[in-house]
């Protein structure tokens, strides 16, 4: 459902092209508000039923009488629909919609010879076909900007879409269409101006210019066979446009593109999105930026204490990566430790050269996978149940890890007054409360409390951080360190990075932020490769983008790249000014608080599994409505047997991943389970070919 909880406003939407477009939008989840002309008032119900059918579909459509050529009438209609559908207190939060689509379908045409066209007919063309769309677009834009500023949820609003129905008459002269051609050409110019002024503020404006559409009006004008055949010869396809075909083009322009291309325009859109989101809810963005510290801090501190990595270099380079990913991708993409490499490095007390070699080796492999297209191919052949199994397994692994390594060792009042089970219980109760009151910046409050506790404990121990400007140093692994790092640690990290840090991250970003264009598999792969091919030479910890970190930052309020830009600046300043002297302070950050943050991240990641058999799953949402299809199936998305199969594949992936603590084993098990379901079909297919004599042995 591409347009769930999005309000589509259709002036002229009762019949003709308007009703065809409205039905397509409604089938994909949009709520409809139709503006009808005063002369249609007496036939409103009849037109509504003939255009949209009877039943629940009609009951969910809101209609408003409006003369689109009158500023007062347009303002009154938009005020009414805003009060009914958009205002914060007019309906429950679950029923509110966001005004993000305007389709200008109302129009007027009257044929006459150029020398005989009355002035009043010319003015009627201009007011209906230009002034009307302009007034409606102005009212819509003001409503959109106001709703975006006062949105009750921290999620970024869906982009605004204005689509006006123009005509081939705007591009080519048509006999006896002088006033109509002029008005439609003017509509094209108006649309270009709207696109130029509003694109940077979140609204795109486009026109669709069909030839004659075979609606009731088209049949009336061109129904005579002799006239129709003469005109059809001027159309390359030799046929009139069907209303459904025009509607498909309009729906396509209303969709949120998931294609991510790194262009100057894309960067401007990302910057505008980051600024809008941060201005609207900067507290949530800051809180969300701290959501992944529960994973980042313990591993970074453990490696720094052993002398395996430089804490200053890790903070500085990861800060730079945070800033760049926030600016270029526009989503709260985390920068996390490579856990498989870190686990081996801590257990075997790796040297700085060995861990650098491991990170560089993984970076080279991911770079090769990205530029050759292997990553993209790999992502396309993995079934959605396996991907969701990896995500759910990663979430459960985070919860198990937090409980086992962070919370279980704690006593009721020890090891410190600031770090014990009592504080963990308090933090967990606060987490439950803030799951209802999402605007409370839970992670920010928890981080500030934990930092105060850590400063007090460090001050009592006499080890407060001191100014220590970062002095970069180069790490050049020896041949032996290259071998140890690549073979002992790097090889095990490659499947984990590919599955959890690239493939699962892209799918999770699409699930959590459906209204934001997310980077492609290849872009994320190049990002992971670049981070490790740069920072590891300077003693920085090998890093990647993890789905658990994205879930954590989203759970605590992050909705844009602005959150990680803030975190990156914070890391950069602290790492450059304090460097290695921060180890003692960060080591005393309460595990009780970090553990609960990690549990929250795990729960958020596990929750993506609930959409496995709904339209929230990407493969099912794509299958439920295909652009250009003659009609769209609105029945059950998949059968009970298919649901059971998908659930089983996901749970096999989850179970083996957790049981062996290895993403690669979980992935292989899930793929084998998925393929096993196809064996009966393949066997029957082979038997059928054999029985028909088409399978011959030579």
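The values are calculated or read from the model by the stated rules, or taken from the named source; none is laboratory data. What you are looking at is a predicted structure, and each value in this text was computed from that prediction instead of being measured. Methodologically, a virtual Cβ is constructed for each residue, glycine included, from the backbone with ideal geometry; neighbour enumeration extends over all protein chains shown.
So that you can scan it fast, the table gives a plain yes or no per residue for (1) in contact (Cβ under 8 Å) with a residue 60 or more places away in the chain; (2) more than 22 Å from residue 610 (Cβ to Cβ); (3) outside any helix (DSSP H, G or I); (4) not assigned by TED's automatic domain parsing to the domain that holds residue 531:
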residue: 365; (1), (2), (3), (4): yes, yes, no, no
residue: 368; (1), (2), (3), (4): no, yes, no, no
residue: 378; (1), (2), (3), (4): yes, yes, no, no
residue: 385; (1), (2), (3), (4): yes, no, no, no
residue: 393; (1), (2), (3), (4): yes, no, no, no
residue: 397; (1), (2), (3), (4): yes, no, no, no
residue: 410; (1), (2), (3), (4): yes, yes, yes, no
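Somewhere in segment 462-476, is a residue crowded, with 18+ Cβ neighbours inside 10 Å, assigned to a helix (DSSP H, G or I), at pLDDT below 80 and in the same structural domain as residue 544 (by TED's automatic domain parsing)?
No: zero hits.
Residue 73 versus (1) at pLDDT below 80; (2) more than 22 Å from residue 215 (Cβ to Cβ): which is the lone unmet condition?
Evaluating residue 73 over (1) at pLDDT below 80; (2) more than 22 Å from residue 215 (Cβ to Cβ) leaves (1) as the failure.
Determine whether segment 166-185 contains at least one residue that is assigned to a strand (DSSP E or B), over 30 Å from residue 80 (Cα atoms) and touching a helix residue (DSSP H, G or I) at 6+ places or on another chain (Cβ under 6 Å).
yes
Given the options 548, 525, name the one that is within 27 Å of residue 427 (Cβ to Cβ) and within 19 Å of the chain's Cα centre (by Cα).
After ruling out the rest, the residue left standing is 548.
Could you check segment 496-508 and list, in sequence order, the residues that are closer than 12 Å to residue 338 by Cβ and surrounded by fewer than 24 Cβ atoms within 10 Å (Cβ to Cβ)?
The answer is 496, and nothing else.
Confirm whether residue 343 is buried (at least 20 other Cβ atoms within 10 Å of the Cβ) and either outside any helix (DSSP H, G or I) or not assigned by TED's automatic domain parsing to the domain that holds residue 659 (or both).
no
Quick one: which residue in 321, 282 is at pLDDT 90 or above and within 30 Å of residue 199 (Cα to Cα)?
Matching residue, one of 321, 282: 321.
Out of (1) touching a helix residue (DSSP H, G or I) at 6+ places or on another chain (Cβ under 6 Å); (2) not in a helix (DSSP H, G or I), the odd one out for residue 454 is which?
Residue 454 satisfies every listed condition except (2).
Could you tell me which residue of segment 58-72 is farthest from residue 43 (Cα to Cα), considering only residues that are in contact with a helix residue (DSSP H, G or I) (Cβ under 9 Å, 6 or more places away or on another chain) and surrounded by fewer than 18 Cβ atoms within 10 Å (Cβ to Cβ)?
Filtering segment 58-72 for residues that are in contact with a helix residue (DSSP H, G or I) (Cβ under 9 Å, 6 or more places away or on another chain) and surrounded by fewer than 18 Cβ atoms within 10 Å (Cβ to Cβ), the one farthest from residue 43 (Cα to Cα) comes out as 71.
Out of the residues in segment 278-297 that are over 20 Å from the mean Cα position of the chain (by Cα) and closer than 16 Å to residue 544 by Cα, which is surrounded by the fewest Cβ atoms within 10 Å (Cβ to Cβ)?
Per the criteria, the residue is 297.
Only one residue in 219, 201 is at pLDDT 85 or above and surrounded by fewer than 17 Cβ atoms within 10 Å (Cβ to Cβ), so which one is that?
Just one listed residue meets the conditions, 201.
Any residue in segment 537-551 that is assigned to a helix (DSSP H, G or I), in contact with a helix residue (DSSP H, G or I) (Cβ under 8 Å, 6 or more places away or on another chain) and surrounded by fewer than 24 Cβ atoms within 10 Å (Cβ to Cβ)?
Checked segment 537-551: at least one residue is assigned to a helix (DSSP H, G or I), in contact with a helix residue (DSSP H, G or I) (Cβ under 8 Å, 6 or more places away or on another chain) and surrounded by fewer than 24 Cβ atoms within 10 Å (Cβ to Cβ).
Which condition number in (1) in a helix (DSSP H, G or I); (2) under 29 Å from residue 470 (Cβ atoms); (3) modelled with pLDDT of 85 or more; (4) more than 24 Å from the chain's Cα centre (by Cα) is the one that residue 483 fails?
Only one criterion is unmet by residue 483, namely (2).
State whether one or more residues within segment 325-335 are outside any helix (DSSP H, G or I), on the phi > 0 side of the Ramachandran plot and surrounded by fewer than 20 Cβ atoms within 10 Å (Cβ to Cβ).
No, segment 325-335 has no match at all.
Could you please give the count of residues in segment 590-643 that are modelled with pLDDT of 75 or more and crowded, with 16+ Cβ neighbours inside 10 Å?
Matching residues across segment 590-643 total 16.
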